[in-house]
Structures are given as C-alpha cells and as structure tokens.
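Peer 1: Got a structure here, written out as structure tokens. Questions coming.
Nothing in this text is a laboratory measurement; each read-out follows from the coordinates by a stated rule. Model, not experiment: these values are computed from the prediction. Don't worry about glycine lacking a Cβ; one is built from the backbone with ideal geometry, like all the others, and counts go over all protein chains shown.
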Amino acid sequence: MIESAETPAPGAAPLASPAGAAGGMPLSPGVQLARERGIARLEQEAAQRAAVRARRFDSIAVHGIYGMAAALENNGSIIEPAYLSPAQHFADSDAMEATTSLLAPGWVYSRIANPTLHYLEETLALLEGYGFDGETSACATGSGMAAISMATMPFLAVDDDPRPMNIVATARCYGGTFQLFSERFARERGVEVRWVRDPLDLGEWAAKIDGRTRFVFGEMPSNPGLSVFDIAAVAELAHAAGVPLLVDSTVATPALLRPLRHGADIVVHSLSKAIGGSGMAIAGAIVSRRDIPSRVGPDELRADFATHVKLLPFRDHGPALSPLSALMLLNDLRTLRLRVDAWSRSAARVARFLAGHPSVREVAYPGLAGTEGHELAARYLWLVDGDEEGNPVNRFGHLLGFRVAGGHEAARRVFDSLELIWRATDLGKAKSVATIPMISTHQQQGESGRELAAIPSDLIRLSVGGEHPDDLVADLDRALAHA
C-alpha cells in the first residue's frame, strides 16, 4: 500500500525501542532507516487523525481517515479499497525486518492487520472516542464473541497468588457472553465468576470487587432485558481496585452512547448488529482508551490495549475479519446516526403500543417512563449531535422486549403468527426481527442461568428496523390476537 499524508500506516503500533530488535541486537543502518520512515508515517497519520477529530460525528462516519490524498494514491477511488491479498510485499529485507519486528508500521499478514480493516478500525475508534478528550484505538474481529473473548482473556494471565482470580459481571447479558464466562472461563479455567444480579445496585457491584478481581464487565443496555447500569459509578469502583471496566455497547452503538466518555476503559461491539445494519457481515470490535488500569500484563497492554491485543494475543489466536466484510461495515457506518435515530423513534412507538395492549403483561424498553432504570437510561442515552436543529434529545435504541400474557405457550403462538417481523436470532438490522430468548439466544445457559439473568419464558425480544411503524404495529396486533 502506498502511504501519503492522508493514507494510514496499517497496523500502526507503538514502535519498539531504537536500541535494537528482538534479542537486543543493534539495528543495521537499513533497518534503522526503515524505522525512521515508519515513524514519519505514524506522525503523518497522527496529524490526519487530529484533523478528522475536529469534524462532526456524521462526517467522521462518512469519511473516516480516508481523504483525497489517499484516494489519489488508490487510482482516485472515493470509496476505501478492498485489499484482498493475505500478505504484504516488502521493498527489501530491511523493510521486512523492521515491520515484522514492530519497528515500523505495516500490515504484513491479514490475520493480524490489513489496510481495509485499518480504515474500519480508525473510523470506529474515532466514533467511539467522539467527545472524549483522550486517544482511542480499535481492533476489528471476526465476530462480536471474538471481540469479547480477545478483550477479556489478556486479563486472565496466571500469577503467583494461590487464591483464585475472579471477574465481576452483570448477569443480564447476551447468552454468548454468559456461556463464555460460565463455561470457558469458570468451568474450564477455574476463574470465579461473580455475577451481579441487579446492575442498578452499586452496593452489589462494590461487594463483589476485591483484590483478586481482574476486570469488571457490564452491558448497556443489555440484551435481551434492556437493563442499564451506572457506567461512571461502576468505573469508579473498578478503578479504585486497579482494574478496568469493560462495556458491551452493541445495542446503543456510538450514536447513542460512548462509554469511554463516562469512565469505561474498553468498549466491545458486535458489529453484526445495528452498526452493520444491512445484515451483510459478521464482525466485532474492541475500542480502548490509552493508559488503562490492570493488575496483570505488560506495560504495552496498559498503554494501548487494543493495539497490544491486535499485535500479540490476536495474532496468536487468529480471529481475523475478512476485508470484504470490513468494507461492507464501512458502508453501513456512514448512515449510523440517521438509522439509529429513525429506528429508535419507531421502537418507542411500538413500545408504547405494546404497553397498552391487553395481551401484553410487561414491556422492557428504557424509553418508557416507569420502566426500571428509565431515569438512568435518560442520563446516558442521547442521540449524538442532537436532532435536526442540533437540540439535545434522548433516544433509547431499536431493541425492546415484551412478555405475553398467558405464559410461554401463548408467547410461542404470538411469535408463530408474525407475518412481517422475521423469526430469527439476529438483531439490529433494517428488517425487524423477533426471537424468544428462552429457546434461542439464552437456551444453553439453562433454567437456573436464565433465572439469574432475569429472562422469563414468556419474553419476546423485538429488534425494530426500517419498516414503517404502522405496519409493525399492525403485524404485532394481528399476532397478539393469538395469545
């Protein structure tokens, strides 16, 4: 890839010490020159990034760091190019040594980094860092679960303390996260998982964090129960113990919530959801701020977590994202705020309809007054840059849940009677989708796990998309007649 003042140096990372590469050997003049050129490219990218940060959210989403100079170096392409080659060609052995030794930026091999992925990562880092004073970095992954795995495993390194390590997490989370923590971490590795039953209870968070806690994890709003928690307050608890707070912000997206602004250290996303609203790709992302707290790991992990993960743990585990998927997600990102705004307004209307329906016993939607956590949600969830006139406005997202009067079998009858809303396990798409979490996304955690996570058997999760809300209401009204 040809670099210029507006073209990123893919896989850019904190450079190794100029004293030498691996083994402490002195650098040859050619490698030293390649290193100096790499530093110059990083400085160019930093200047471009700083210029882009001065733009508004929608402009960043549309352009990222791909500007006119970069386009001219790519045959004038206005759209970021898809680099499909698995590997990078080097000018000579000095350039190869400098890059593979992390002395100079480059992409080397697409399992680790790739120019197209770099455009996506930079855009995500800028959007998640919008309004945040510090620097951010990102690592794209092959799925949302890969993002959660890679964001948490580095903190589970063994040490000399014989006491078991623990993690503190809200039990009201996505089923895949529940299984990762319960099965892969607790059962297979002996990590103690301390589940927080009521994420609104700060006392419960505080009581579970101690000297062997490795990280604290929350989901905001949660899938499928739409529960919320006080990010700033929980971040203070985590930081007082010297550990990071990780937040899964998939449902909100950066259009409504940017947890780093409220004290979180690391944000994870399933890009397959509302960020990738066209439904064309499976992907995930880790976005981190600089200088995070951690009781374990090297200094590089604390200094720039997302980049450290990309270049080392990610390299070894291999949860890479396809460049074609990255390009599809870049195109979805360009309309993120507009889509989230429209879908949120439709979801609010659908939630109000369901709340007044005689066959619905309860609606979970943080935008409904009187819903548990509504006031806290209204404090955190704001449409970025406001409405059409720039006025601040709350938006509460596209996802909601409702319990059908009559129990589980009635919920199944309603679910099976839907004609416009799709029956599937996905969410965050232009096409509205519903599922019954008990028999799908949260089936494997069992009855006791669902009780812990407050997921009743009569719950239907509904992801509202781009259809006209009148048609969604009509479909739901027809289906509820079968309750």
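Peer 1: Is it possible to state the helix-based mean residue ellipticity at 222 nm for the chain, with each DSSP H run of 4+ residues giving -39500 (n - 2.57), the sum divided by total residues, to the nearest 500 deg cm²/dmol? What is it? Can you show the working numbers first?
Peer 2: On the way: 18 runs with 173 residues, N = 483.
Helices in the chain give a 222 nm mean residue ellipticity of -10500 deg cm²/dmol.
Peer 1: If one computes the Cα centroid of the stretch 105-125 and of the stretch 423-443, what distance in Å separates the two points?
Peer 2: The two parts, judged by their Cα centres, are 31 Å apart.
Peer 1: Evaluate the distance, in nm, between pseudo-label points positioned 7 Å from the Cα of Asp210 and of Glu372 along their respective Cα→Cβ axes.
Peer 2: Modelled inter-label distance: 2.6 nm.
Peer 1: Starting from the Cα gyration tensor of the stretch 234-334, take the square roots of the eigenvalues, sort them a ≥ b ≥ c, and report rounded, prolate or oblate (rounded when a/c is under 1.5, otherwise prolate if a/b is larger than b/c, else oblate).
Peer 2: Oblate, since a/c reaches 1.5 and b/c is not below a/b.
Peer 1: Taking R0 as 60 Å, what's the FRET efficiency between Arg197 and Glu73 from their Cβ-Cβ distance, rounded to 0.05?
Peer 2: Details: r = 54 Å, r/R0 = 0.90.
The formula returns an efficiency of 0.65 here.
Peer 1: Compute the longest continuous run of the chain that contains no exposed GluC sites (Glu not before Pro); treat a site as exposed when its DSSP state is not H, G, I, E or B and it has at most 12 other Cβ atoms within 10 Å. If you can, show how the numbers build up before the last one.
Peer 2: Details: sites that count: Glu388, Glu389, Glu419.
Within the chain, the longest run free of exposed GluC sites (Glu not before Pro) spans 1-387.
Peer 1: Here's a follow-up. Put a dot 7 Å past each Cα toward the Cβ at Trp422 and His468; how far apart are the dots in nm?
Peer 2: Computed distance between label sites His468 and Trp422 equals 2.2 nm.
Peer 1: What percent do you get for the relative contact order of the stretch 336-480 when only Cα pairs under 8 Å and 6+ apart count? Could the numbers behind the result be given before it?
Peer 2: Details: 254 pairs, mean separation 38.8, N = 145.
With pairs under 8 Å counted, the relative contact order is 27 percent.
Peer 1: Let me ask another. Test of understanding: what is the full-extension gain from Met153 to Ala51, defined as 0.36 nm times their sequence separation minus their Cα-Cα distance? Each step should come with its number before you reach the end.
Peer 2: On the way: separation 102, 0.36 × 102 = 36.72 nm, distance 3.42 nm.
Answer, rounded to one decimal: 33.3 nm.
Peer 1: Now a separate question. Val62 to Arg111: extension gain in nm, 0.36 nm per residue of separation minus the Cα-Cα distance?
Peer 2: Working: separation 49, 0.36 × 49 = 17.64 nm, distance 2.60 nm.
Stretched fully, the Val62-Arg111 segment lengthens by 15.0 nm.
Peer 1: How far apart, in nm, are the 7 Å Cα→Cβ label points at Phe132 and Ala430?
Peer 2: That separation, rounded to one decimal, is 2.9 nm.
Peer 1: Report, by chain and number, residues whose modeled amide H sits under 5 Å from the one on Val191, excluding near sequence neighbours (fewer than 5 apart, same chain).
Peer 2: The answer is Ala186.
Peer 1: Specify which residue in the list Ala51, Ile65, Ile39 is farthest towards the positive end of the charge dipole of the stretch 22-100, using unit charges on the beta carbon of Lys, Arg (+1) and Asp, Glu (-1), about the Cα centre.
Peer 2: The residue sitting most towards the positive pole is Ala51.
Peer 1: While we're on this one: Classify the chain as rounded, prolate or oblate from the Cα gyration tensor: take a ≥ b ≥ c as the square roots of its eigenvalues, call it rounded if a/c is under 1.5, otherwise prolate when a/b beats b/c and oblate if not.
Peer 2: prolate
Peer 1: Please report the net charge: other residues with Cβ closer than 9 Å to the Cβ of Pro199, K and R +1, D and E -1.
Peer 2: Values: positive: Arg172, Arg197; negative: Asp198, Asp201, Glu204, Glu219, Asp230.
Charge balance in the 9 Å sphere: -3.
Peer 1: To continue, here is another question. Grab the Cα-Cα distance for Leu84 and Asp291, subtract it from 0.36 nm times how many residues apart they are, and report the gain in nm with one decimal.
Peer 2: 71.2 nm
Peer 1: Follow-up question, since we're still on this one. For a paramagnetic label modelled at 7 Å from the Cα of Ile39 toward its Cβ, which residues of the stretch 68-106 fall within the zone defined by backbone nitrogen distances under 20 Å?
Peer 2: 94-106
Peer 1: Contact order normalised by length for the stretch 115-333, with contacts defined as Cα pairs under 8 Å and 6 or more residues apart; what percent is it? Display every interim value, and only then the final one.
Peer 2: Numbers: 443 pairs, mean separation 62.3, N = 219.
RCO, the stretch 115-333: 28 percent.
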